[in-house]
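Peer 1: The structure's right below; bear with me while I get my questions together.
The values are calculated or read from the model by the stated rules, or taken from the named source; none is laboratory data. Bear in mind that the values here come from a model prediction, so they are computed numbers and not experimental data. Cβ placement follows ideal geometry from the backbone for every residue including glycine, while neighbour counts extend to all protein chains displayed. Side chains included, ligands, DNA and RNA excluded: accessible areas come from the protein's heavy atoms. Shrake-Rupley method; radii C 1.70, N 1.55, O 1.52, S 1.80 Å.
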Amino acid sequence: MKKSTIFCAALALTAALTTGCKETWDDNPVLKTHEGTVTVDFLNTPAMQQMPITLTADNQDGTFCLTASQPDFGYAAAAAYQVQVSFTEDFADYYEISQRFYDLSDINPLSKDVAEAIENLAGVRTDDDLPLAARRVYMRLHAFIPQHEEGTQYLSNAVYYESIAVAKGNLVVWLVGEHSGIWLRGGMNNWGNDGLEAPYEFISAKERNCWELPANVTIPKDTEFKVADSAWKVINLGAGADATVNISKPYTLAPDGGNLVMGADFTGRVHLRLDGDSYILTLDEVK
């Protein structure tokens, strides 16, 4: 074999080895973690920052448009981003919108979610508290990697919209402790036939689309019950294939299902959650 051929072959082998090592490095990125929450600049100034905005009941599905660059996770990570809203630049009091975003070029919180944040911060409780006059509203991003939340918490710089108002009739705030008109009805309260009493009516919990009974209740083993409104019409939720409800185990209720059956003696709090189109019932026992 000629020397030049041998030399070229050696170069090719060296290049292949080098390429192989590079691919190994790229395929095994190292995640950067830290303690606590780090604040860095990665949120861009909104293009419509100075435009007056009024949030109305007719534009609840409209969106705000935010863009950002990724904080340094060590590589281009699949991170989650949530929008925080405040009336002050220091975010001494803020509301975090629950929706998570994953595309930094498409962080678009819904108008109704921004309105809910503003109403919470302003202490709105009924439509009589509306409208809210236009004011400057600050936003920032809370970033983290869902699989490694503890060591990847970042907060962005604060940006603002100069003038956001909320119109009358656009009451979207989730209020805690409100009556739901949904009851736990069964053998433990004569199916509500003796009068629907307060301990068995679900009230709104802190988390949106979640309700709970306001006090501990007792349901003996083998007691039959359902979740329903006062007339057994709009809400009438019961058993699916297996009617037995077990303590601390979430149970997906079936519309117009049969009677539920308590699997063991129970005393504690009863929780109801709407997940998509399904209602989930959970019984947490008093320890």
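Peer 1: Roughly how tilted is helix 111-122, in degrees to the nearest 10 and between 0 and 90, from the longest Cα axis of the chain?
Peer 2: The angle comes out at about 70 degrees.
Peer 1: Now, a different point. Between GLY258 and residues 5 or more places away or on another chain, which pairs have amide H atoms under 5 Å apart, with H built 1.01 Å from N, and which residues are they?
Peer 2: When sequence neighbours closer than 5 places are left aside, the close amide H contacts are ALA239.
Peer 1: For LYS287, give me every one of the aspartates and glutamates with a C-alpha distance below 20 angstrom, ignoring sequence neighbours fewer than eight places off in its own chain.
Peer 2: GLU212, ASP265
Peer 1: Now, a different point. Mind checking which aspartates and glutamates have their Cα closer than 15 Å to the Cα of LYS168? Skip sequence neighbours fewer than 8 apart in that chain.
Peer 2: Leaving aside aspartates and glutamates fewer than 8 places away in the same chain, those within reach of LYS168 are ASP58, GLU116, GLU119, ASP127, ASP128, ASP129.
Peer 1: Mind checking the angle between helix 3-27 and the chain's longest principal axis? C-alpha axes, 0 to 90 degrees, to the nearest 10.
Peer 2: 20
Peer 1: Oh, and also: Express in whole angstrom the spacing between the alpha-carbon centres of the stretch 227-266 and the stretch 35-67.
Peer 2: Taking the Cα centre of each part, the stretch 227-266 and the stretch 35-67 sit 41 Å apart.
Peer 1: To continue, here is another question. In whole Hz and in residue order, list the ³J(HN,Hα) couplings for the stretch 53-58 that follow from phi through the Karplus curve 6.51 cos²θ - 1.76 cosθ + 1.60, θ = phi - 60°; x for Gly and Pro.
Peer 2: 10, 10, 8, 10, 5, 7
Peer 1: Then there's this: In whole Hz, what ³J(HN,Hα) sequence does the stretch 40-46 give by Karplus (6.51, -1.76, 1.60; θ = phi - 60°), x for Gly and Pro?
Peer 2: Couplings: 9, 7, 8, 9, 7, 5, x Hz.
Peer 1: What whole-number value in Å² describes the accessible area per residue of the chain for a 1.4 Å probe?
Peer 2: 55
Peer 1: Quick one: Karplus J couplings for the stretch 170-177, per residue in order, coefficients 6.51, -1.76, 1.60, θ = phi - 60°, nearest Hz, x for Gly and Pro?
Peer 2: Listing the rounded values in order: 9, 7, 10, 5, 8, 9, 7, x Hz.
Peer 1: Defining a contact as two alpha carbons under 8 Å apart and six or more residues distant in sequence, what relative contact order in percent does the chain show? The partial results should precede the final answer.
Peer 2: Numbers: 600 pairs, mean separation 42.0, N = 287.
This gives 15 percent for the chain.
Peer 1: Using 1/(1 + (r/R0)^6) with R0 = 41 angstrom and r between the beta carbons of SER180 and ALA133, what's the FRET efficiency to the nearest 0.05?
Peer 2: On the way: r = 32 Å, r/R0 = 0.77.
Efficiency, rounded to the nearest 0.05: 0.85.
Peer 1: Follow-up. I need to check one value: relative contact order of the stretch 175-287, counting alpha carbon pairs closer than 8 Å and at least 6 residues apart, in percent.
Peer 2: 25
Peer 1: Carbon and sulfur atoms: what percent of the 1.4 Å accessible area of the chain do they account for?
Peer 2: Using a 1.4 Å probe with all protein chains present, the chain comes out at 51 percent carbon and sulfur.
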